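The values are calculated or read from the model by the stated rules, or taken from the named source; none is laboratory data. Being a predicted model, the structure only gives us computed values, none of them experimental. We place every Cβ from the backbone using ideal geometry, glycine too, and count neighbours over all the protein chains shown. Remember, those area values only see protein heavy atoms, side chains included, never the ligands or the DNA or RNA. Shrake-Rupley method; radii C 1.70, N 1.55, O 1.52, S 1.80 Å.
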Amino acid sequence: MSHTYLRGGLAVAAFTLALNAAAAAPVAETAKVTIGNFTFGPAALVVRPGTTVTWLNGDDIPHTVVAADKKAFRSKVLDSGDSFSFTFAQPGTYPYFCSIHPHMTGKVVVKAS
Amino acid sequence: MGEQTSRRRFLECMGWAGTGLVWTVSGGATGAAVLGAAEAAPRGKAVVTPFSFVQVSDSHIGFAKDPNPDARATFREAVAKIKAMPDKPAFILHTGDVSQLSKPAEFDDADQILKQAGVPVFHVPGEHDMLDEGQGKAFLDRYGKGTLGDGWRSFDHNGVHFVGLVNVKDLKAGGMGHLGEAQLAWLKKDLAGLAASTPLVVYTHIPLWTIYADWGWGTDDSAQALGLMKRFGSVTVLNGHIHQIIQKTEGNITFQTARSTAFPQPGPGQGPAPGPLKVPAGRLRDVLGIRSLTVQPGAHPLALADNSLA
């Protein structure tokens, strides 16, 4: 019986440890870019590594979010009200644009603060 | 000849009024601008015989927001106007943005409506037609028969040489429309054998002259293309993209941007962004339209009529 109890107690302890570990880890950060009047706002966004950036198309015309190098990230077409998210793991500067309206440009700067 | 030359007059921009540029055609056909009649050429010496054709643009099938809740309905009206023309056009040029989001159903509906006109249609894509997973593959699969590269082509009709150019493929951050080296090389070859007296009609989506760079209303490498066309006596460049009539003449080249059949856009720089221009429902059809062009031997610029859907 005690053996069983002990095992149960260990399991509880392990679970508590796991909870504590989750609470201690940095909370995943998020940031938002709104598309309106054919512009990205803010046009330049500075975030920490691991941040998930979400672009929301608030315009009445479709747009896209495509890395300038066309490799790092590329959204599908975003109709009005659609959004796209990408998590920036690595530090660096990521210029991007709307591939439908290429005069629309922005950048995400990822750096450990 | 001197009298003819002195009578030569060009289209003149008359100024802004409301949502679009108001302009008039003065002089019309001149008969003075066909040059190089004595040149020998391996091809392209075909005799020009009269015909007409139609340009439609920016049907944006699938668009259903202010100021147009149903772009299919206005496209149907546009095609009905073509069908009702007393002289049946030889064909239709659709200068891009057939669809709003490159969805199969949008292309399907556009095709069903266009079919009612009963004449062949030649397409070049707009940027809205490049939004499928394959970034233009759906458009090319559907309309690319007989084209080269990303969908460019040329053909001759009654002595006129038509060139369809694609300037919406692989656009670059911060740039405007783009033709690309491969297409320019093809264009050079395509035009090389033509007599300078051959009338050229070039059709594409984004303007080949820079109307407003801040909104991307131009084509980065168009100078190279236009350079190849300078020697021709009559060049007509037709495009869409900006959903309004604006016209410009440079030497023997006339640039003509066309209305949309779906919604108007603001004049260059008029307002914060080039989004759909909101107009009262009762005025929408005044600012949508189709264009018919008539070819006559020795006439430049081509006789052109922009007809609204009102």
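When each of B:Asp132, B:Asp141 is tested for being modelled with pLDDT of 95 or more, touching a helix residue (DSSP H, G or I) at 6+ places or on another chain (Cβ under 9 Å) and charged (D, E, K, R), the lone residue that passes is B:Asp132. Consider the stretch B:287-310 and keep the residues that are part of a strand (DSSP E or B), open to solvent by 20 Å² or more (accessible area, probe 1.4 Å) and in contact (Cβ under 8 Å) with a residue 60 or more places away in the chain. The one that is farthest from B:Leu277 (Cα to Cα) is B:Thr294.
Looking at B:Lys189, B:Lys172, B:Lys230, just one residue is within 14 Å of chain A (Cβ to nearest Cβ) and of a type in the set (Lys, Arg), and that residue is B:Lys172. Among the residues of the stretch A:45-60, those that are at pLDDT 95 or above and over 15 Å from the mean Cα position of the chain (by Cα) comprise A:Asn57, A:Gly58, A:Asp59.
Scanning the stretch A:45-91 for residues that are facing chain B (nearest Cβ under 10 Å) and polar (S, T, N, Q) gives A:Thr64, A:Ser80.
Residue-by-condition table, conditions (1) open to solvent by less than 60 Å² (accessible area, probe 1.4 Å); (2) more than 20 Å from B:Pro125 (Cα to Cα); (3) touching a helix residue (DSSP H, G or I) at 6+ places or on another chain (Cβ under 6 Å):
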{"site": "B:Val48", "(1), (2), (3)": "yes, yes, no"}
{"site": "B:Phe51", "(1), (2), (3)": "yes, yes, no"}
{"site": "B:Val54", "(1), (2), (3)": "yes, no, yes"}
{"site": "B:Asp58", "(1), (2), (3)": "yes, no, no"}
{"site": "B:Ile61", "(1), (2), (3)": "yes, no, yes"}
{"site": "B:Lys65", "(1), (2), (3)": "no, yes, no"}
{"site": "B:Pro69", "(1), (2), (3)": "no, yes, no"}
{"site": "B:Ala73", "(1), (2), (3)": "yes, yes, no"}
{"site": "B:Ala78", "(1), (2), (3)": "yes, no, no"}
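When the stretch B:122-136 is limited to residues that are within 11 Å of chain A (Cβ to nearest Cβ) and closer than 15 Å to B:Thr95 by Cβ, the one that is farthest from the chain's Cα centre (by Cα) turns out to be B:Met130.
Of everything listed in (1) open to solvent by less than 10 Å² (accessible area, probe 1.4 Å); (2) away from every other protein chain (no Cβ under 12 Å), the single unmet condition for B:His243 is (2).
Across the stretch B:133-167, which residue is farthest from B:Ala299 (Cα to Cα) among those that are among the hydrophobic types (A, V, I, L, M, F, W, C) and open to solvent by less than 10 Å² (accessible area, probe 1.4 Å)? For the stretch B:133-167, the residue satisfying everything is B:Phe139.
Mind checking which residues of the stretch A:92-113 are open to solvent by 60 Å² or more (accessible area, probe 1.4 Å) and within 14 Å of chain B (Cβ to nearest Cβ)?
First, pick out the residues of the stretch A:92-113 that are open to solvent by 60 Å² or more (accessible area, probe 1.4 Å): A:93, A:95, A:105, A:107, A:111-113.
Passing the criteria: A:Thr93, A:Pro95, A:Thr105, A:Lys107.
Does the stretch B:168-178 include one or more residues that are assigned to a strand (DSSP E or B), in contact with a strand residue (DSSP E or B) (Cβ under 9 Å, 6 or more places away or on another chain) and open to solvent by less than 40 Å² (accessible area, probe 1.4 Å)? If you could, list the steps in order and put the result at the bottom.
Applying the first criterion (assigned to a strand (DSSP E or B)) to the stretch B:168-178 yields B:168, B:177-178.
Within this subset, residues satisfying the condition of being in contact with a strand residue (DSSP E or B) (Cβ under 9 Å, 6 or more places away or on another chain) are B:168, B:177-178.
From what is left, the residues that are open to solvent by less than 40 Å² (accessible area, probe 1.4 Å) are B:168, B:177.
Yes, there is a match, as at least one residue in the stretch B:168-178 is assigned to a strand (DSSP E or B), in contact with a strand residue (DSSP E or B) (Cβ under 9 Å, 6 or more places away or on another chain) and open to solvent by less than 40 Å² (accessible area, probe 1.4 Å).
Taken over the stretch B:257-276, the criterion of being more than 11 Å from chain A (Cβ to nearest Cβ) and either of a type in the set (Phe, Trp, Tyr) or surrounded by fewer than 20 Cβ atoms within 10 Å (Cβ to Cβ) (or both) is satisfied by B:Pro268, B:Gly269, B:Gln270. Taking the criterion of being of a type in the set (Ser, Thr, Tyr) and more than 29 Å from B:Ala64 (Cβ to Cβ), the residues of the stretch B:211-264 that qualify are B:Thr219, B:Ser222, B:Ser234, B:Thr236, B:Thr249, B:Thr254. Within the stretch A:75-91, the set of residues being touching a residue at least 24 places away in the same chain (Cβ under 8 Å) and open to solvent by 50 Å² or more (accessible area, probe 1.4 Å) comprises A:Gly81, A:Asp82, A:Ser83, A:Ser85, A:Phe86, A:Thr87, A:Ala89, A:Gln90, A:Pro91.
Inside the stretch B:194-215, residues that are within 14 Å of chain A (Cβ to nearest Cβ), open to solvent by 10 Å² or more (accessible area, probe 1.4 Å) and either in contact with a helix residue (DSSP H, G or I) (Cβ under 9 Å, 6 or more places away or on another chain) or part of a loop (DSSP other than H, G, I, E, B) (or both) make up a count of 2.
Within the option set B:Gly134, B:Gly144, being of a type outside the set (D, E, K, R) and under 20 Å from A:Pro102 (Cβ atoms) holds for one residue only, B:Gly134.
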